[in-house]
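The values are calculated or read from the model by the stated rules, or taken from the named source; none is laboratory data. A quick note: this is a predicted structure, and the numbers were derived from the prediction, not measured. Every residue, glycine as well, gets a Cβ built from its backbone with ideal geometry; the counts of neighbours run over all protein chains shown. Quick note on the areas: whole protein, heavy atoms, side chains included, nothing else; ligands and nucleic acids left out. Shrake-Rupley method; radii C 1.70, N 1.55, O 1.52, S 1.80 Å.
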Amino acid sequence: MLTLQGKGASGGVVVGRARLLRHEEIKVKRDTATDPTAEWGRYEAARARTVEELERLYDQSYREIGAEQAEIFSVHAMMAEDEDFNEAVQRGIVEQQYRAEYALMRAKEQFEALFSGMEDEYMRERAGDVRDVAARILGHLKGKVERKSNETEETYILCAEDLTPSQTVNLDRRAVLAFVTAKGSTNSHSAILARSMNLPAVVDVGEELLTSVVDGAMLAVDGERGLIYVDPDDAILQEWDERMQRAQARGEQLFQYRDRESRTPDGQRVEICANVGSMGEVQEAVRVGADGIGLFRSEFLYLGRQDYPDEEEQLRAYRQALISMPGKRVIIRTLDIGADKQAAYFGLAREENPALGLRACRVSLARPEVFLTQARALLRASASGRLAVMFPLITSTREVEQLLGLWNRAKRELDAAGEAYAQDIEIGIMIETPAAAIISDRLAPLVDFFSIGTNDLTQYTLAMDRQNAALAEACQGQHESVMRLIRYTVESARRAGIWVGICGELGADLTLTESFLRMGVAELSVSPGAVLPVRERVCTLPSLGAGDKKERWGEMEEDAHELVEKR
């Protein structure tokens, strides 16, 4: 028995036979182009086919695993259309008279070296994206078509040097039990996709994986600890079998809470809702019995395409979501484009700090016609269910007033057209900036509810990029400053008589559930997979006690201090 150690990228334990994925290298010679104009035309045609292919992959991954993960292919499409990258290829063809294949590989090496040399781990991982996009364009230049390499009725554990995002999304989840790679990191797109697909995954095992594992070898994989046993002995097989049985039993135990009311033993009610970015995730929210949709990311309708979605297309999507959750509140967030979610047709300028730039509600205010189209679609869909709408990345009362002005304008346009819509739509805002939290007492009278976006609130409060792996330990939402902003926001809402939800990773943090309920939070919105664990936690909490409000705020303050000390 051989033991291999890598990095756990996606939790779960599994036993199965290995299948090695060998990458077929396309060799490129340093050939001279006799007709540079024709060569550039060949490249442009291959690049256009690549963009179309990436858009199809976006649609597929959106349907199967959600909008947030599908953005990978939107980013790849933008990379294929990147002016700097394509100019580098063009210089190789026109100035140095290389054939398109060789000019492409030269540009790929240049940009790959640029990303690989960066200090930030997340940015270094983008070198893999360059390789993926270049390989796809090269394949079209060579006339090769990507096919699934796993068409089989047998199950297996996929082993490879590395996996591109497109290879990961093309995995047949009925056949693949897990994947193990010699390279890669827990921050790579493929690792993120594995977590979304609930596939155990271990990365960065090293070259020994490829030299020691043969097709058909029995593997025991632990995606949490990053362990792989090759040809495991009977003791390991028995241990893995027991662990898999415990995991299955745990899943069955949690599923007993599917139809339970989200209420503490002493009677305090809280809604456990789901964050979704695709209709597939809406169906998963229905399957686990979510109390509603706490965040419907509408930007999936705008990404991975060549033009704006029209009113009718949006109407169909919003209606479908509402019909899927009869009688339950569905909160749809208006367009949150910009920063790491880009669509080329918006024509947004390059920015030094895109996370702090023209994004979210700022785009809606800068492009009122885009917002009005979405608002009309939302209003028309409201007749099909219990719709609520919220505006993202608010920093001032003026922004809220302007957005409400546009919302009311959309109502007047529908009135003039004789279109029906619900009259009781709740309007809320996301509290995800320190500015919004600090002036929450002034924002509260303008809206019906707050949804505290803890991921961005943490990032902006601590001035740390939450996607930077080097800062992962420090960028924690339990930081005392973040907890104080949350507490102040809830208190502002309570005084104004509106309700508050927690939306983001902190909502699924079971160590904070009791604290949030003591504060008076009315809703916890989490990923569909976290709905049942959170509901179980709520239903088994010790008695909170009514108590005095001031006493409960004091307890929350102490909770924040204790968490900081523990962390």
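Sort out which residues of segment 494-532 are within 18 Å of Gly289 (Cα to Cα) and open to solvent by 10 Å² or more (accessible area, probe 1.4 Å), and write them in order of number. Matches in segment 494-532: Ala508, Ala522, Ser527, Pro528, Gly529, Ala530, Leu532.
Answer yes or no as to whether Asp291 is at pLDDT 95 or above and either under 18 Å from Ile429 (Cβ atoms) or assigned to a loop (DSSP other than H, G, I, E, B) (or both). Against the criterion (at pLDDT 95 or above and either under 18 Å from Ile429 (Cβ atoms) or assigned to a loop (DSSP other than H, G, I, E, B) (or both)), Asp291 qualifies. Name the single residue, out of those in segment 266-288 being part of a loop (DSSP other than H, G, I, E, B) and out of contact with any helix residue (DSSP H, G or I) (no Cβ under 7 Å at 6 or more places or on another chain), that is least open to solvent (accessible area, probe 1.4 Å). By that ranking, first place goes to Gly267. Taken over segment 177-198, the residue count meeting the criterion of being open to solvent by 10 Å² or more (accessible area, probe 1.4 Å), closer than 22 Å to Glu281 by Cα and modelled with pLDDT of 75 or more is 1. None of Leu462, Leu404, Leu393 is on the phi > 0 side of the Ramachandran plot and among the hydrophobic types (A, V, I, L, M, F, W, C) except Leu393.
Only a single criterion out of (1) farther than 19 Å from Phe449 by Cβ; (2) assigned to a loop (DSSP other than H, G, I, E, B) is not satisfied by Ala530, namely (2). Going through (1) open to solvent by 60 Å² or more (accessible area, probe 1.4 Å); (2) within 28 Å of Glu505 (Cα to Cα) one by one, Ala235 falls short only on (2). In segment 445-454 there is at least one residue that is in contact with a helix residue (DSSP H, G or I) (Cβ under 8 Å, 6 or more places away or on another chain) and more than 30 Å from Ala383 (Cβ to Cβ). Kindly indicate whether Thr168 is at pLDDT below 90, more than 23 Å from Leu2 (Cβ to Cβ) and of a type outside the set (Gly, Ala, Ser). Against the criterion (at pLDDT below 90, more than 23 Å from Leu2 (Cβ to Cβ) and of a type outside the set (Gly, Ala, Ser)), Thr168 qualifies. Annotation: of all residues in segment 1-14 being assigned to a strand (DSSP E or B) and open to solvent by less than 40 Å² (accessible area, probe 1.4 Å), the one that is farthest from Thr186 (Cα to Cα) is Val14.
Just the residues that are touching a Lys or Arg at 6+ places or on another chain (Cβ under 6 Å), open to solvent by 30 Å² or more (accessible area, probe 1.4 Å) and assigned to a helix (DSSP H, G or I), please, taken from segment 363-400.
The answer is Ser384, and nothing else.
Listed by first and then second residue, the pairs with beta-carbon distance under 6 Å, at least 6 apart or on different chains, first residue in segment 160-176 and under 10 Å from Leu21 (Cβ atoms) and surrounded by fewer than 21 Cβ atoms within 10 Å (Cβ to Cβ), second at pLDDT 80 or above and β-branched (Val, Ile, Thr), are Asp162/Thr181.
Restricting Leu443, Leu471 to residues that are aliphatic (A, V, I, L, M) and either open to solvent by 40 Å² or more (accessible area, probe 1.4 Å) or over 22 Å from Cys361 (Cα atoms) (or both) narrows the list to Leu471.
Answer yes or no as to whether Arg495 is at negative phi and modelled with pLDDT of 85 or more. Yes: the conditions hold for Arg495. Taken over segment 343-360, the criterion of being at pLDDT below 75 and surrounded by 18 or more Cβ atoms within 10 Å (Cβ to Cβ) is satisfied by Ala343 alone.
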